[in-house]
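Undergrad: Got a structure here, written out as structure tokens. Questions coming.
FYI, it's all coordinate maths here, none of it is from the lab. Fair warning: this is a prediction, and the values are worked out from it, not measured in the lab. Cβ atoms come from the backbone with ideal geometry, glycine included; neighbour counts cover every protein chain shown.
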Amino acid sequence: MTRSTPFGQIALALAAASLTTLCAAADPIKIGVAGPFTGGSSSMGVSMRDGVRLAIDEINKSGGVLGRQLVAVERDDEAKNERGVQIAQELINKEKVTATVGYINTGVALASQRFFQEAKIPVMNNVATGSIITHQFDKEPENYVFRNAAHDSIQAPMIVEEAIARRGFKKVAILADSTNYGQLGRQDLETALKTKGVTPVAVEKFNIKDVDMTAQLLKAKEAGAEAVLTYGIGPELAQIANGMTKLGWKVPMVGSWTLSMANYIDNAGPGGEGARMPQTFIQEPTTPKRQSFIISYLKTFNPKNARMDSPVSAAQGYDSIYLLAAAIKQAGSTEGPKIKAALEDLKTPVEGVVTTYNKPFSKTDHDAITANIPVFGEVKAGKVVYAYADDQKKASVVQLKK
Amino acid sequence: MQILTQLIFSGIALGMIYAVIAFGYQLTFATSDTLNFGQGDALMLGALVGLTLVGLGVNYWLMLPLVCLFGAFQGAVVERIGVRPAIKIKSEFGWIMSTIALGIIFKNVAENVWGRDDLKFPSPLPESPLKVLGANVLPMEILVVGGAILMMLAVEFFNRKTIYGKAVVATFNDRDAAKLMGINTALVITFSYALSSMTAAFAGVLIAPLTLTGATMGAVLGLKAFAVAIIGGLTSGMGIIVGGIILGIAETTTGFYLSTGYKDVPGLVLLLIVLAVRPAGLFGKTAIKKV
């Protein structure tokens, strides 16, 4: 108990400073934030965390939730499953968080969230895209796992639609990394291609940290691929683009949203231009909400060249906190089961950066993003922009969940 | 045919990346019978120090000797802290743990100083490929091949023609006899570690424009280089080059003709065969150990 005393004093001081009523003296509401803040997926993790920080800061400035301040308990899972598990236990047993947001890596999410499920604490996955994440506990009566990111079974058909239908490629090659993420994505891509009656001319694998992609690319080239569909993360995707430059074989790259990662764009340089990927958010001020988000993000964190490292992660991180805050407010409580029930039946729409969340979740549907929300982004001059002028024009009309 | 040429060229370039790292293993083995298992991390430190220097506006070519100096210093530190105590007490395996431990420490330091993201190392040569015999080759790859051959020649020349090299060879053959002949064997061993990390640091800045640069770059590369050193033989400069080429070409051709999922397998199978049939490596001298 000795440790809680200075904490209480800080909370008191904060409460006094914000001149709120007596009940503000209550302890702050702790929100766990887990993600890789270092390593190959850190550009997503750090952007997500910054989005979360921004949202918490804004909410606290306007009086907090239930008269209590929000406090983020941030932990770096290093994209490692075992770290994720340790962190989940620490957040639940030691920090006693009310809810947790985060998870960038599908494998880490799957390994960690069972502890929250057992402890009846809601988890809001704001970046990880593996299709099965929200269905891991389908068989149990209550499911505490939610998500506000575009899952792979949305992304894969979008990638295929773009490559086959919109751009008319008939022969495509799939290059996917050997992780859970890459291989689950490859399956989704193959399924989506099948519905279009297309068989990929080459399906190749690569490992994390591979420095040479000659064999994979030559196979795709020899099979006559007109486009390369990718499922991997930034550094290796950059090696693919660099390998194409080396072989003097340049076909369009269309792939999962990770093609927007800063470490892809920077390491691939000019060779990476033109790559296209589904995005839930593009750093363009197309609505007043998005404009104010971009301005305060750039002002607070001051990223290099005024470019968010991963705009999608930042926006989804930001939205995940607002969704949780709305649920806690509606539940009038910080008890897990009540927050979960509120999330499944949110009465008032939540205006976010990605979309306006109008009844984003239900008892059986824990995914807030549907296929109509993401648009295609393209790497241009070192930034991700709208691939289609049409999408940009329509962007001011917020796409709602269908 | 053109495909095969391309695969072989890429394999050679990849193999040479492994070979330049593998030299470091050879240098310390040649004096003290020990290996620096932190070789991959010495490589990584060299590349990151080089990147910082380039970032400060130092010219790439000017930066090379500075990085080499840094590497030599780092190697001497590893020997003094990790290897010398083990040799002193004639411990057979102490140096294995201590060089691995130092490698991990260096990696953690690098993660804190440079972060854990992969960074781009600006290429000193044009990044557009050249046509050689119908296959595409990057200028930087040619530089790596040149660097590897230069290193091999330097090592062979040093060992065979110079008095210091003879001291190194003598220390390897019989440490106690060399000591009685007036060779400062402790200094020779420190020197070989300095030289070994120097080549690793040099290799780091040489290959960094081709690979990505980051605190974790050394792990996989260091391991592959170790395989090369074993295949080629720990006592032969020529063996390292040939071992590198074999492993590199095995990777690219298997990836193309068999499956990219299995591309690391043939190289490692080869490693097992070499260990079973010719433990000293393809070009290594079989050492007869009298007990």
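Undergrad: Is there a simple number for the mean count of other chain Cβ atoms within 10 Å of the Cβ of residues in B:7-13, and what is it? Please list the in-between numbers first.
TA: Values: counts 3, 0, 1, 9, 3, 0, 4.
The mean count of partner-chain Cβ atoms within 10 Å per residue comes to 3.
Undergrad: If you don't mind, another one. Can you tally the net charge around residue A:227? Count Lys and Arg as +1, Asp and Glu as -1, for every other residue whose Cβ sits under 10 Å from the Cβ of residue A:227. Numbers along the way, then the final one.
TA: Numbers: positive: A:167, A:170, A:171, A:276; negative: A:162, A:226.
Charge balance in the 10 Å sphere: +2.
Undergrad: Can you tell me the FRET efficiency between residue B:97 and residue B:127 if r is taken as the Cβ-Cβ distance and R0 is 35 Å, rounded to the nearest 0.05?
TA: Details: r = 41 Å, r/R0 = 1.18.
That pair, residue B:97 with residue B:127, gives E of 0.25.
Undergrad: Please state, rounded to one decimal and in Å, the Kirkwood hydrodynamic radius that chain A gives when every pair of distinct Cα atoms enters the mean of 1/r. Could the numbers behind the result be given before it?
TA: Details: mean 1/r = 0.0464 Å⁻¹.
Over chain A, the inverse of the mean reciprocal pair distance is 21.6 Å.
Undergrad: I'd like the per residue volume of the convex hull spanned by the Cα atoms of region B:31-121, given in cubic angstrom. Before the final figure, lay out each step's value.
TA: Working: hull volume 8.5 nm³, N = 91.
Cα-based convex hull of region B:31-121, divided per residue, equals 94 Å³.
Undergrad: Using the Cβ atoms and a cut-off under 11 Å, what net charge is assigned to the surroundings of residue A:167, where Lys and Arg are +1 and Asp and Glu are -1? Before the final figure, lay out each step's value.
TA: On the way: positive: A:166, A:170, A:276; negative: A:161, A:162, A:226.
Around residue A:167, the charge tally is 0.
Undergrad: Using a 10 Å cut-off around each Cβ of peptide B:250-261, what is the average number of partner chain Cβ atoms that fall inside? Numbers along the way, then the final one.
TA: On the way: counts 0, 4, 6, 1, 1, 12, 8, 2, 1, 5, 14, 6.
What the average comes to for B:250-261 is 5.
Undergrad: Turning to a different aspect of this structure: Report the rotationally averaged projected area of region B:15-217 based on its alpha-carbon convex hull, in square nanometres.
TA: 12.1 nm²
Undergrad: If you don't mind, another one. Of the candidates A:48, A:213, A:253, which one comes out as most mobile in a Gaussian network treatment of chain A with C-alpha springs shorter than 10 Å?
TA: A:213
Undergrad: Going by amide H atoms built from the backbone, whose H comes under 5 Å of the H on residue A:172, apart from near neighbours?
TA: Close amide H contacts, sequence-distant or interchain: A:201, A:226.
Undergrad: In region A:343-370, which residues have a backbone nitrogen under 20 Å from the label point lying 7 Å from residue A:119's Cα in the Cα-to-Cβ direction?
TA: It comes to A:343, nothing else.
Undergrad: Between residue A:183 and residue B:62, with labels modelled 7 Å along Cα→Cβ, what's the label distance in nm to one decimal, could you check?
TA: With each label placed 7 Å out from Cα toward Cβ, I get 5.0 nm.
Undergrad: Moving on. Past 29 Å, Cα to Cα, is the threshold; run A:171/A:394; B:224/B:285; A:209/A:383 against it and keep the listed order. The partial results should precede the final answer.
TA: Working: A:171/A:394 31 Å; B:224/B:285 22 Å; A:209/A:383 24 Å.
Beyond 29 Å: A:171/A:394.
Undergrad: I've got another one for you. Count neighbours as other Cβ atoms within 10 Å of each site's Cβ, and list the trypsin sites (Lys or Arg not before Pro) in region A:145-234 that are DSSP loop with at most 15 such neighbours. Numbers along the way, then the final one.
TA: On the way: sites: A:147, A:166, A:167, A:170, A:171, A:186, A:194, A:196, A:205, A:209, A:219, A:221; in loops: A:167, A:170, A:171, A:196, A:209.
Answer in residue order: A:167, A:170, A:196.
Undergrad: In the P(r) worked out for region B:10-61, what percent of Cα pairs fall beyond 16 Å?
TA: On the way: 742 of 1326 pairs.
The answer is 56 percent, as a whole percent.
Undergrad: Zone of residue A:307 (label point 7 Å along Cα→Cβ, backbone N under 12 Å): which residues in region A:241-262?
TA: A:260-262
Undergrad: Further question on the same structure: I'd like to know which of B:184, A:145, A:40 lies farthest towards the positive end of the charge dipole of the protein assembly as shown, counting +1 on Cβ of Lys and Arg and -1 on Cβ of Asp and Glu.
TA: It is B:184.
Undergrad: Divide by every residue of chain A the summed helix terms, -39500 (n - 2.57) for each DSSP H run of at least 4, and state the resulting mean residue ellipticity at 222 nm, rounded to the nearest 500 deg cm²/dmol.
TA: Values: 13 runs with 162 residues, N = 402.
The helix contribution divided over chain A gives -12500 deg cm²/dmol.
Undergrad: Further, regarding this structure: Using alpha carbons only, how many degrees (0 to 90, rounded to 10) separate the axis of helix B:163-173 from the longest principal axis of chain B?
TA: Around 80 degrees separate the two axes.
Undergrad: In addition: Just tell me how shielded A:200-212 is by partners: mean number of partner chain Cβ atoms within 10 Å of each residue's Cβ, no decimals. Before the final figure, lay out the partial values.
TA: On the way: counts 0, 0, 1, 3, 6, 6, 4, 5, 2, 9, 8, 12, 12.
Whole-number average of other-chain Cβ neighbours for A:200-212 is 5.
Undergrad: What percent do you get for the relative contact order of region A:201-340 when only Cα pairs under 8 Å and 6+ apart count? Mind dumping the intermediate values first?
TA: Values: 149 pairs, mean separation 22.7, N = 140.
Rounded, it is 16 percent for region A:201-340.
Undergrad: Let me have the 222 nm mean residue ellipticity of chain B computed from DSSP H runs of 4+ only, each contributing -39500 (n - 2.57), with the sum over all residues rounded to the nearest 500.
TA: Numbers: 12 runs with 206 residues, N = 291.
Dividing the helical sum by the residues of chain B leaves -24000 deg cm²/dmol.
Undergrad: In nm, give the distance between the simple-model label positions of residue B:88 and residue B:277, each being 7 Å from the Cα along the Cα-to-Cβ direction.
TA: Once both label points are built, they end up 4.5 nm from each other.
Undergrad: Explain nothing, just the number: dipole magnitude of region A:283-402 about its Cα centre with +1 on each Lys and Arg Cβ and -1 on each Asp and Glu Cβ, in debye rounded to the nearest 20.
TA: Values: 17 positive and 12 negative charges, 47 e Å.
It works out to roughly 220 debye.
Undergrad: Related question: Using 7 Å Cα-to-Cβ label points, what is the residue A:26/residue A:381 separation (nm, one decimal)?
TA: Going by the 7 Å Cα→Cβ label model, 5.0 nm.
Undergrad: Can you give me the relative contact order of chain B as a percent, contacts being Cα pairs under 8 Å and 6 or more apart? Intermediate results must be reported in sequence, preceding the final value.
TA: On the way: 487 pairs, mean separation 106.4, N = 291.
Value for chain B: 37 percent.
Undergrad: Given 5 Å bins starting at zero, what is the percent of C-alpha pairs of region A:42-96 in each, up to the one with the largest pair distance?
TA: Reading the bins upward from 0: 4, 18, 20, 20, 21, 12, 5, 1.
Undergrad: Would you mind getting me the FRET efficiency between residue A:397 and residue A:167? Use the beta-carbon distance for r and R0 = 30 Å, nearest 0.05. Can you show the working numbers first?
TA: Numbers: r = 25 Å, r/R0 = 0.82.
Computed FRET efficiency for residue A:397 and residue A:167 comes out at 0.75.
Undergrad: Run a plain Debye calculation on region A:219-372 (Cα atoms as equal point scatterers, no solvent) and give log10 I(q)/I(0) at q = 0.18, 0.19 Å⁻¹, rounded to two decimals, same order as the q list.
TA: Per q value, in the given order, log10 I(q)/I(0) is -1.05, -1.11.
Undergrad: Springs between alpha-carbon pairs under 10 angstrom, Gaussian network model over chain A: which of A:39, A:84, A:185 fluctuates most?
TA: Maximum fluctuation in the GNM of chain A, among the listed residues, is at A:39.
Undergrad: A follow-up question, please. Is there a quick way to get the dipole size of region B:15-217? I mean about its Cα centre, with the Cβ of Lys and Arg at +1 and of Asp and Glu at -1; what is the value in debye to the nearest 20?
TA: Working: 13 positive and 12 negative charges, 92 e Å.
Value, rounded to 20: 440 debye.
Undergrad: Next question, about the same structure. How high is the relative contact order of chain A, in percent, with contacts defined as C-alpha pairs under 8 Å that are six or more residues apart? All intermediate terms of the calculation are to be shown ahead of the outcome.
TA: Working: 811 pairs, mean separation 67.0, N = 402.
Computed over chain A, the figure is 17 percent.
Undergrad: Please compute the alpha carbon radius of gyration of the protein assembly as shown, then divide it by the globular-protein estimate 2.2 N^0.38 Å. Two decimals is fine. Each step should come with its number before you reach the end.
TA: Numbers: Rg = 28.0 Å, N = 693, 2.2 N^0.38 = 26.4 Å.
So the Cα radius of gyration is 1.06 times the expected 2.2 N^0.38 Å.
Undergrad: Further, regarding this structure: List every DSSP H helix in chain A whose Cα atoms extend 18 Å or more along the helix's own long axis and whose mean Kyte-Doolittle hydropathy is at least 1.0. The partial results should precede the final answer.
TA: Numbers: long enough: A:4-17 (19 Å, 1.21); A:42-61 (28 Å, -0.17); A:106-119 (20 Å, 0.15); A:180-195 (23 Å, -1.01); A:234-247 (20 Å, 0.01); A:288-301 (19 Å, -0.19); A:311-331 (30 Å, 0.52).
Counting only whole DSSP H runs, the qualifying helices are A:4-17.
Undergrad: Also, I was wondering about something else. With +1 on each Lys and Arg Cβ and -1 on each Asp and Glu Cβ, how big is the dipole of region A:26-170 about its Cα centre, in debye rounded to the nearest 20?
TA: Computed about the Cα centre, the dipole is about 140 debye.
Undergrad: Another one. Of the listed peptides A:336-342, B:215-221, what is their order by residue-averaged count of other C-beta atoms within 10 Å, with the highest listed first?
TA: Working: A:336-342: 19.6, B:215-221: 22.6.
Put in order of decreasing packing, that is B:215-221, A:336-342.
Undergrad: Sticking with this structure for a sec: For a quick size check, give me the Cα extents of region B:164-250 along its three principal axes, largest first, whole Å.
TA: Largest first, region B:164-250 extends 47, 26, 17 Å along its Cα principal axes.
Undergrad: Could you give the angle, 0 to 90 degrees to the nearest 10, between helix B:94-114's Cα long axis and the longest principal axis of the Cα atoms of chain B?
TA: Orientation of helix B:94-114: about 40 degrees from the principal axis.
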